[in-house]
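This report refers to the structure that appears directly beneath it.
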Amino acid sequence: QDRIAKEYHYVEELLTEIAKNNLASYGLKETKNAAEAGAVRTLLITDSFIQGKRMENKAEEIDYIMKIVESAKGEVMIVSSEHEAGRKLDGLGGIAAILRYKLNY
């Protein structure tokens, strides 16, 4: 139950940042860029996105992004697609990040 509440909290925070056009990135390419820049505070990925990438044999890219975020002391949160928060995240492409600072690109 706690975990679901935490996932929900992070996804709501992400959506707020997106709405303010501020500290967020979403989609694989943007989130990977943010991770490589060391800008990710919290990486959010749905379990169904990870499974989909595994089925396409593209799991290394996801592992790579998760590793860079962790090495930069960011948090990695895998969100269940079974709940509303995960469904919202899947609507954004299944991968997104709350950023430490705004990237200009």
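Taking Asn22 as meeting all but one of (1) within 22 Å of Lys6 (Cα to Cα); (2) modelled with pLDDT of 95 or more; (3) open to solvent by less than 80 Å² (accessible area, probe 1.4 Å), write down the number of the exception.
(2)
Do you know which residues across segment 54-85 are hydroxyl-bearing (Ser, Thr, Tyr) and closer than 18 Å to Asn33 by Cα? Walk me through how you get there before you give the answer.
Taking segment 54-85 and keeping what is hydroxyl-bearing (Ser, Thr, Tyr), we get 64, 71, 80-81.
Across segment 54-85, the qualifying residues are Tyr64, Ser71.
Can you tell me which of (1) under 19 Å from Arg100 (Cβ atoms); (2) open to solvent by 90 Å² or more (accessible area, probe 1.4 Å); (3) part of a helix (DSSP H, G or I) is the one Tyr8 doesn't meet?
(1)
Among the residues of segment 48-61, are any loosely packed, with under 15 Cβ neighbours inside 10 Å and of a type in the set (Ser, Thr, Tyr)?
As a first pass, look at segment 48-61 and keep what is loosely packed, with under 15 Cβ neighbours inside 10 Å: 51, 54-61.
Cutting the leftovers down to of a type in the set (Ser, Thr, Tyr) gives us none.
Scanning segment 48-61, I find no residue that is loosely packed, with under 15 Cβ neighbours inside 10 Å and of a type in the set (Ser, Thr, Tyr), so the answer is no.
For segment 11-105, which fully contained strands (runs of 3 or more DSSP E) count at least 2 residues that are of a type in the set (A, V, I, L, M, F, W, C)?
40-46, 75-79, 95-99
Would you confirm whether or not segment 63-72 contains a residue that is in contact with a Gly (Cβ under 8 Å, 6 or more places away or on another chain) and hydroxyl-bearing (Ser, Thr, Tyr)?
Checking segment 63-72: not a single residue is in contact with a Gly (Cβ under 8 Å, 6 or more places away or on another chain) and hydroxyl-bearing (Ser, Thr, Tyr).
Name the residue that is nearest to Arg3 (Cα to Cα), counting only residues in segment 78-98 that are crowded, with 22+ Cβ neighbours inside 10 Å and touching a helix residue (DSSP H, G or I) at 6+ places or on another chain (Cβ under 6 Å). Don't jump to the end; show me each part of the working.
Let us first name the residues in segment 78-98 that are crowded, with 22+ Cβ neighbours inside 10 Å, namely 79, 85-86, 89, 94-98.
If we keep only those that are touching a helix residue (DSSP H, G or I) at 6+ places or on another chain (Cβ under 6 Å) too, we end up with 79, 85, 89, 94-98.
Details: Val79: 9, Ala85: 11, Leu89: 16, Gly94: 18, Ile95: 18, Ala96: 18, Ala97: 18, Ile98: 18 Å.
Here the answer is Val79.
Can you name every residue in segment 38-47 that is open to solvent by 20 Å² or more (accessible area, probe 1.4 Å) and either β-branched (Val, Ile, Thr) or in contact with a strand residue (DSSP E or B) (Cβ under 9 Å, 6 or more places away or on another chain) (or both)? It would help to see each step written out before you state the result.
Keep residues of segment 38-47 that are open to solvent by 20 Å² or more (accessible area, probe 1.4 Å), which gives 38, 41, 47.
Arg41, Asp47 - these are the residues of segment 38-47 that are open to solvent by 20 Å² or more (accessible area, probe 1.4 Å) and either β-branched (Val, Ile, Thr) or in contact with a strand residue (DSSP E or B) (Cβ under 9 Å, 6 or more places away or on another chain) (or both).
What are the pairs with Cβ atoms under 6 angstrom where one residue, in segment 54-77, is closer than 17 Å to Glu30 by Cβ and without any contact (Cβ under 8 Å) to a residue 12 or more places away in the chain and the other, located anywhere, is assigned to a helix (DSSP H, G or I) and of a type outside the set (Asp, Glu)? Sequence gap at least six, or different chains.
Pairs that qualify, where the first residue is closer than 17 Å to Glu30 by Cβ and without any contact (Cβ under 8 Å) to a residue 12 or more places away in the chain and the partner is assigned to a helix (DSSP H, G or I) and of a type outside the set (Asp, Glu): there are none.
Does segment 64-77 contain at least one residue that is hydrophobic (A, V, I, L, M, F, W, C), surrounded by 15 or more Cβ atoms within 10 Å (Cβ to Cβ), farther than 23 Å from Tyr8 by Cα and at pLDDT 95 or above?
yes
The values are calculated or read from the model by the stated rules, or taken from the named source; none is laboratory data. Everything numeric in this text was worked out from a predicted model, so none of it was measured. Using ideal geometry, Cβ is built from the backbone for each residue, glycine included, and neighbour counts are taken over all protein chains shown. These accessible areas exclude ligands, DNA and RNA; they are computed on the full protein's heavy atoms, side chains included. Shrake-Rupley method; radii C 1.70, N 1.55, O 1.52, S 1.80 Å.
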